[in-house]
Amino acid sequence: MSAPDTAALVKDYQENGFAVAERLFDASEVAELNNAITEILDVPDIGSVAEVEPGDNGLARRIWSPTKQHSAFERAAAHPRLLDHVEALIGPDILFHYSKLHLKAPQVGSVVDWHQDFSYYPHTNTDLVTALVYLDDTTTENSALQAIPGSHRRGLADHYVDGYFRGKVAGAGAPDPALAVPIEAPAGSVVFIHCLLLHYSSSNTSDRYRRAFLPAYRAADAYPIHFGAHAGHNEPGVRLLRGSVSDTARVEAGAWRLPLAERPFGSLFQLQEGADKVTATTGYATLEEAK
Ligand SMILES: O=C(O)CCC(=O)C(=O)O
């Protein structure tokens, strides 16, 4: 199979910090992934596989490490079509970093506050990309990702509140929402997010789900510079998907504030909401990702 034409994707990514590959996964592949979600959640204790929305609706908002929970996600994360696009963005030597899955339920769907992914896991360089795979047709109403184009070229914003890392850009430093661009796309499309892109998503005000699978990748010569909870949890699962491993860390000059949180957390939802770490009975203790 010939390599896809990714010139426009690369141009968008370099200019804006994000780029969309429409319908990279076809309808049957999307259906397979949505069936896999149903299978993962078909357990007596949903808290053993997922994080639930606050309150008492019992709805899952986040499936932990879906690539570890179902082979359909493992295959999708390593799909050659997806990796061809990742390669165009970060080069031929590709590590799988980690994965997660967000389920934004109709009329619910927790907010994801403004943030840059790199604030959670600083590395020696910024060739880290998250692929957000929409599993439903996605519009502003059902919580399309929103981003500030070009923000990936302006360094790392302040993700601290009251002296601790809170994984969000809040208060006076928060971006003007009027500058945000909603990234709407049909099911099966993939939004590639540069690790320094400022992005957020609102709650879901529609009657439709917005499910998204998020495998994250990095160049093989990008090494973590902070061995906190995220690296502690995810580094053992990092593996080569394409190309060669690197015995050399490529280092971009810069000063990166480290994610020193006040207390342990599982997901970015928990951290941004200021929630206490959830108890072992929910299963977070074994499946948490710290992002
Ligand atoms: O699922 C979303 O809407 C956003 C996810 C996100 O920004 C993240 O997990 O970093």
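Summary of the geometry: segment 1-37 and segment 157-217, compared by the centres of their Cα atoms, lie 18 Å apart.
Of all the options Asp136, Asp176, Asp127, the one that moves most in a Gaussian network model of the chain with Cα springs shorter than 10 angstrom is Asp176.
Write down the accessible area per residue of segment 78-225 in Å², having rolled a 1.4 Å probe over the full set of protein chains. Present the calculation step by step, with values, prior to reporting the outcome.
Numbers: 4500 Å² over 148 residues.
On a per-residue basis, segment 78-225 sits at 30 Å².
Leaving out ligands, DNA and RNA, what percent of the accessible area of the chain is carbon and sulfur, probe 1.4 Å? Its accessible area is 54 percent carbon and sulfur atoms. Simple point charges give the picture: +1 on the Cβ of Lys and Arg, -1 on the Cβ of Asp and Glu, and for the chain a dipole about the Cα centre of about 400 debye. Between the beta carbons of Asn35 and Phe227, assuming R0 = 35 Å, the FRET efficiency works out to 0.40 to the nearest 0.05.
Given the options Arg154, Arg166, Arg257, state which has the largest fluctuation in a GNM of the chain using a 10 Å cut-off (strictly under) for Cα springs. Per the Cα network of the chain with a 10 Å cutoff, Arg154 tops the list.
Under 8 Å for C-alpha pairs, at least 6 residues apart: give me the relative contact order for the chain, rounded to a whole percent. If you can, show how the numbers build up before the last one.
Numbers: 637 pairs, mean separation 80.9, N = 291.
Rounded, it is 28 percent for the chain.
Long hydrophobic helices in the chain, taken as whole DSSP H segments with a C-alpha length of 20 Å or more on their own axis and mean Kyte-Doolittle hydropathy at least -1.0: 27-41. Lysine pair count for the chain (Cα-Cα distance under 13 Å; residues 8 or more apart in sequence or on different chains): 4. Helical content of the chain, expressed as a calculated mean residue ellipticity at 222 nm, amounts to -6000 deg cm²/dmol (DSSP H runs of 4 or more residues, -39,500 (n - 2.57) each, divided by residue number, nearest 500).
Could you rank the peptides 93-102, 23-32 by their average count of other C-beta atoms within 10 Å per residue, with the highest value first?
Numbers: 93-102: 23.5, 23-32: 16.1.
Per-residue mean Cβ counts within 10 Å order the peptides as 93-102, 23-32.
The values are calculated or read from the model by the stated rules, or taken from the named source; none is laboratory data. Keep in mind the model is a prediction, meaning the values are calculated, not measured. Counting neighbours? That spans all protein chains shown, and the Cβs are built from the backbone with ideal geometry, glycine included. Areas reflect the complete protein model, heavy atoms only, side chains present, ligands, DNA and RNA absent. Shrake-Rupley method; radii C 1.70, N 1.55, O 1.52, S 1.80 Å.
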